[in-house]
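Scroll down for the structure; my scribbles are underneath it.
The values are calculated or read from the model by the stated rules, or taken from the named source; none is laboratory data. Being a predicted model, the structure only gives us computed values, none of them experimental. When we count neighbours, we look across all protein chains shown, and the Cβ atoms used for this are built from the backbone with ideal geometry, even at glycine.
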Amino acid sequence: MLKNDAAEQQNLQHALSDISDKLDRVMDELLPNQLPVANKVISLHSREEDHENGAEPEGEGKVIEAMRYSALGGGKRLRPFLTVESARLFGVNPEMAMLTAAALEFVHTYSLVHDDLPAMDNDDFRRGKPSCHKQFGEAAAILAGDALLTYAFEVLSHPRVHADPNVRCELIRSVARAAGVRGMVGGQMMDLDAEHKELTIDEVIRLQRLKTGEMFAVACEAGAILGKAPDPMRARLQRYAHDIGLAFQITDDLLDVEGTRTETGKGVKKDTAAGKATLISVLGVERAREQALTLAQQALNHISVFDARAEKLRALANFVVNRRS
């Protein structure tokens, strides 16, 4: 049952912070300060390999700086959290789960960098600081986003993620689908086309399921893929993630209407100004809030089979509908 238990939420915040700190360390090593890539513990390359490939730090330096600025800039890290916690359900090696989580966070960060561009959502701030294109220019932001996306698949293809190449291929295929035209990219295009256009409730739900829900779903599915979980368990996690992803998006839209830039770390009241189609624009604030609560409850029902092992995933369902940032 949904609740807003203070102790549960405090424990969740500790878990989110712990995974975020570990993720930042992994991403910091995966994204070097300069090229050639140092031969660190989890580095995907060796110094010799980069010399053989003729890598030079000068040309790529600005792009790498923009990648690090965006990827290591904080955030809720919900998708990595979902990957690590779903992987834990099936006894997956923590390093494998964290590398996979880092790859998913690179994909998510690329989407934020591109979404903030003037041709898209035109946001000047992200996570309480200037957006990537405001800090480095539009060209560097586009290239940094491209580099983060492509690097994610390089990470997922590495044997450190999983010894079984079939598992790695399945991860790559699932993430590519969720991030592409049948997922996040398709949803973003629908979102842009929907400005100043009335959509039905079903159309808005489909838009947001593609734009946000598919990446939430693959984050959960990734842990199950790593653990070679049976299809029924994977399906439960996918449905859970789809529901909290849509609930998360509704809460995001509510914060755009009711929140402040201090709370959210980005501009607010932009959806209404842009004429964007959201469940709030279709249902109104109170009915949209009720819909988010219903989705969160559905999410809890999907993972009931995991008992106490899914305690943190249950706490996350409560968090997404009660957050203020």
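Remarks
- The residues in region 132-145 that are surrounded by fewer than 15 Cβ atoms within 10 Å (Cβ to Cβ) and touching a residue at least 12 places away in the same chain (Cβ under 8 Å) can be counted, and the count is 1.
- Residue within region 36-59 that is in contact with a Pro (Cβ under 9 Å, 6 or more places away or on another chain) and modelled with pLDDT of 80 or more present: no
- Set side by side, the residues S157, S111 differ, and just one is modelled with pLDDT of 95 or more, touching a helix residue (DSSP H, G or I) at 6+ places or on another chain (Cβ under 7 Å) and surrounded by fewer than 18 Cβ atoms within 10 Å (Cβ to Cβ), which is S157.
- Flag if L12 is surrounded by 12 or more Cβ atoms within 10 Å (Cβ to Cβ), at pLDDT 85 or above and over 30 Å from H133 (Cβ atoms): yes
- Test result for R88, buried (at least 16 other Cβ atoms within 10 Å of the Cβ) and without any contact (Cβ under 8 Å) to a residue 40 or more places away in the chain: no
- Note on region 221-325: enclosed helices (runs of 4 or more DSSP H) holding 1 or more residues that are under 23 Å from L207 (Cα atoms) and modelled with pLDDT of 90 or more are 231-258, 285-302, 311-322.
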